[in-house]
1. Only residues that are closer than 23 Å to I157 by Cβ and at pLDDT below 95: list them for the range 89-135, please.
2. Is there a residue in the range 136-150 that is basic (K, R) and either open to solvent by less than 30 Å² (accessible area, probe 1.4 Å) or at pLDDT below 95 (or both)?
3. With the structure loaded, tell me whether K25 is under 30 Å from S210 (Cβ atoms) and modelled with pLDDT under 95 or whether it fails that test.
4. Which ones in the range 13-38 are within 30 Å of V110 (Cβ to Cβ), surrounded by 11 or more Cβ atoms within 10 Å (Cβ to Cβ) and more than 18 Å from the chain's Cα centre (by Cα)?
5. For the range 54-68, state whether one or more residues are touching a Ser or Thr at 6+ places or on another chain (Cβ under 8 Å) and surrounded by 12 or more Cβ atoms within 10 Å (Cβ to Cβ).
6. Within the range 160-199, track down each residue that is charged (D, E, K, R), free of Cβ contacts under 8 Å to residues at least 60 places away in the same chain and either open to solvent by less than 30 Å² (accessible area, probe 1.4 Å) or not in a helix (DSSP H, G or I) (or both).
7. At pLDDT below 95 and open to solvent by 60 Å² or more (accessible area, probe 1.4 Å), is that true of I4?
8. Go through the residues of the range 77-98 one by one and say whether even a single one is of a type in the set (D, E) and either open to solvent by less than 10 Å² (accessible area, probe 1.4 Å) or touching a Gly at 6+ places or on another chain (Cβ under 9 Å) (or both).
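The values are calculated or read from the model by the stated rules, or taken from the named source; none is laboratory data. Keep in mind the model is a prediction, meaning the values are calculated, not measured. So basically every Cβ, Gly included, is an ideal-geometry build from the backbone, and we count neighbours across all protein chains shown. Just so you know, the surface numbers come from the protein's heavy atoms only, side chains and all, with ligands and any DNA or RNA stripped out. Shrake-Rupley method; radii C 1.70, N 1.55, O 1.52, S 1.80 Å.
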Amino acid sequence: MKIIELIDYQIEFEKIRADFNSGFKEINNLRKKFTSDYPISRIQTLTLDEYVIGKGDSTFCNRIENDLNDWGNIHGSSARKFGLYFGKYGQDKTRKYRIGRKEYGTDENVALKKILSAIIELIENKDDLASLKKNTISPMFKGKILSVYYPNEFLNIFSAKHLNYFINNLSLDNDSKSELDKQALLLDFKNSDKVMKEWSIYEFSKFLYSSFGRPNDEIKEENISKELTK
């Protein structure tokens, strides 16, 4: 992207940047409440019904996906991203515990232990990129967890499609398939710019969406089967 074009986008965003302040304060308070409610010691003791989506509004998965949706959207991909959920699947209308990733096995209690251990590993190893990449948590869920717990270090955009879209719009060179690398590339771009380096990561994500919109071939959420999103 030409510097003059970037400056034009920045000027337009500066006109509306203050508009996001009240929204940021509200969602950041919710984020802080979530991390306060779920320190590592609490995550270690979560039961199935305290973890899975499909068991009410107060579960770990429901709160991080829905209560914190404005922090970063992970809707649009199925509940399987959580590794474990309670609900229907495909033609099977029975609501029950379902394991979403084969690496977690076939027993929901064993799966829960593996998932919680992987979440704790993420939180404890934020500076170990190799460890983060190998972690078994699905990419979008992984990105949301890291961003929620470390808002000043991880970008709050999690979809590979969205990350690629912004990377292409900014004409950045990218040869990695890792969402974590794509996020880091965008943050490096932000922090190398004399204007954007003063913005919070939250503001930077708003800048990207305000300036470039969303991928125009994205499947609209309302067209995704509810069986896959609950």
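1. Passing the criteria: G100, R101.
2. There is at least one residue in the range 136-150 that is basic (K, R) and either open to solvent by less than 30 Å² (accessible area, probe 1.4 Å) or at pLDDT below 95 (or both).
3. Considered against the rule, which asks whether it is under 30 Å from S210 (Cβ atoms) and modelled with pLDDT under 95, K25 comes out as yes.
4. Of the residues in the range 13-38, the ones within 30 Å of V110 (Cβ to Cβ) are 34-38.
Now restrict to residues that are surrounded by 11 or more Cβ atoms within 10 Å (Cβ to Cβ): 34-35, 37-38.
Of everything in the range 13-38, just one residue is within 30 Å of V110 (Cβ to Cβ), surrounded by 11 or more Cβ atoms within 10 Å (Cβ to Cβ) and more than 18 Å from the chain's Cα centre (by Cα), namely D37.
5. Step one: filter the range 54-68 for residues touching a Ser or Thr at 6+ places or on another chain (Cβ under 8 Å), giving none.
Looking for residues that are touching a Ser or Thr at 6+ places or on another chain (Cβ under 8 Å) and surrounded by 12 or more Cβ atoms within 10 Å (Cβ to Cβ), one finds none in the range 54-68, hence no.
6. Within the range 160-199, the subset charged (D, E, K, R) is 161, 173, 175, 177, 179, 181-182, 188, 190, 193-194, 197-198.
Of the ones still in play, those that are also free of Cβ contacts under 8 Å to residues at least 60 places away in the same chain are 161, 173, 175, 177, 179, 181-182, 188, 190, 194, 197-198.
Those that are charged (D, E, K, R), free of Cβ contacts under 8 Å to residues at least 60 places away in the same chain and either open to solvent by less than 30 Å² (accessible area, probe 1.4 Å) or not in a helix (DSSP H, G or I) (or both): D173, D175, K177, K182, K190, K194.
7. Working: at pLDDT below 95: yes; open to solvent by 60 Å² or more (accessible area, probe 1.4 Å): yes.
Judged against the criteria, I4 is a match.
8. no
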